[in-house]
Amino acid sequence: ARQGTGLTTARPDGRAACRRSTARALSWPLVPSGAAGMDQQDNGGISTAGWDAINAALAALYPGQEPKHYGTVVSHTLGGNDPLDGISIYWNDAPQPHWHYVTYGFSELYDKQSEDLEESGFGFELTFRLAAEPGEHREGTPPSWPMNLLQNLARYVFSSGNVFEAGHHLDANGPIALDSPTQLRHLAFVNDPQLPPIPSANGRLAFLQLVGLTDEEMAAVKRWSTQGVLDVFLPAMPLWITELARPSLLEDPAVAAQLEAGSQREGSSTGMLFVEMLDWSVEGPLTTLVLGAGQVASVLELLPLRLHHDKPLLILANDRQWRFEPGVADDVQSDADSVRCVLSDASLAAMLASVRPERGLYPLPGGRLQVEVRPTLLRDGQGEVIREIG
């Protein structure tokens, strides 16, 4: 997932975005260390209860194993670029050899700072399971690109306040491992099958596992649901381990048939789509919806899968929202922060036929709505533009 305006995330029905604050007080050296990743005897009197709770959960899963722990040179609160305080990596032999990455920093690791007493910080930590390459072993050095990926996701969460939950998914706008020929260009979020939610002195937190998916697989997720698709994949993808070299699982006709049946039966469960660019303007009876070119495909793909099943689709960005609803006649109602847009079947069909992920204005029949598409700029970790879409 690249830092910048290319990130598009989606969330299931009925879940609103929320903001929580977390505090950072210490910095960690960028070197492997013990499970705690810190000197417990010299912590300046700061509680490490949240950190300790994560350690305890991992010690129960990997008894006796010392993780490879990596932390930031300069903490986020002192101006560092990496929001996470650390990432621990464990070796797991079963059901196939893989590295298990676990973050420290989305939850409150030290003293309680947020007002939410039930959940710790953002309420989760991220995990990622990467299949070991031939010749890799537990004494070796795990790949570093997943740590960059996790830090980029943390930058998105800390800058936007949008939290991830099981069932969410996002488009990485390229291979999930940069400079890799992998077909995996998307990420889905599921509860880690070996790390259930835990309590801590700072509140509850869940462990959300990232799963790499291909374009075809993500299209199936959007047509149905993240959990439904991943459950079908589980026999071929035990523990939802990400394997960069694998082909699309939809190449198996039996798998493809199960996914299509689920979509036809239930429709799409993706009810909210987070985009980097969302704006609108109103001039008389005409409302102009502004989207980034990098998000147009996702919006157009989801609209019929929602509206044709009498379900709304909510587009969100920067505390603003645009709600599409199905209806007999077109209607657009707006205020400063939100728009309710009812689309008839004819207008939806016209929108799907005319709007493209290219810079331009796309008017719809009736003179009530038009879509303006602006270029999307993808940036690297230093903020430099590396690609323009549209």
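The values are calculated or read from the model by the stated rules, or taken from the named source; none is laboratory data. Small disclaimer: the values here were computed from a predicted structure and weren't measured. Backbone-built Cβ (ideal geometry, glycine too); neighbour counts: all protein chains shown. To get the accessible areas, we keep the full protein, side chains included, count just its heavy atoms, and leave off ligands, DNA and RNA. Shrake-Rupley method; radii C 1.70, N 1.55, O 1.52, S 1.80 Å.
List of remarks:
- S269, S347, ranked by accessible area, largest first (probe 1.4 Å): S269, S347
- The coefficient of translational diffusion for the stretch 234-365, derived via Stokes-Einstein from the alpha carbon Kirkwood radius under 25 °C and 0.890 mPa s, stands at 146 µm²/s.
- At R0 = 35 Å, FRET efficiency that the Cβ-Cβ distance of R320 and E66 yields, to 0.05: 0.15
- Rounded FRET efficiency, nearest 0.05, which uses the C-beta distance separating E139 from D310 and R0 of 41 Å: 0.15
- Between E251 and S354, the FRET efficiency from the beta-carbon distance, with R0 = 51 Å, is close to 0.95.
- Principal semi-axes in Å for the stretch 270-344 [√(5λ), Cα gyration tensor, largest first]: 18, 17, 10
- Accessible area per residue in Å² at 1.4 Å probe, computed on the stretch 42-170: 37 Å²
- Unit Cα scatterers, Debye sum, the stretch 211-290: log10 I(q)/I(0) for q = 0.13, 0.15, 0.16, 0.18 Å⁻¹: -0.51, -0.61, -0.66, -0.76
- Gyration tensor (alpha-carbon) shape descriptor, the stretch 126-283, a/c threshold 1.5: rounded
- Our estimate of slack between R374 and Q264, defined as 0.36 nm per intervening residue step minus the Cα-Cα distance, is 36.3 nm.
- Take the stretch 304-371 with all the other protein chains still there, run a 1.4 Å probe, and you get 51 Å² of accessible area per residue.
- All-pairs alpha carbon distance profile, the stretch 87-192, 10 Å steps from 0, percent: 13, 41, 33, 12, 1
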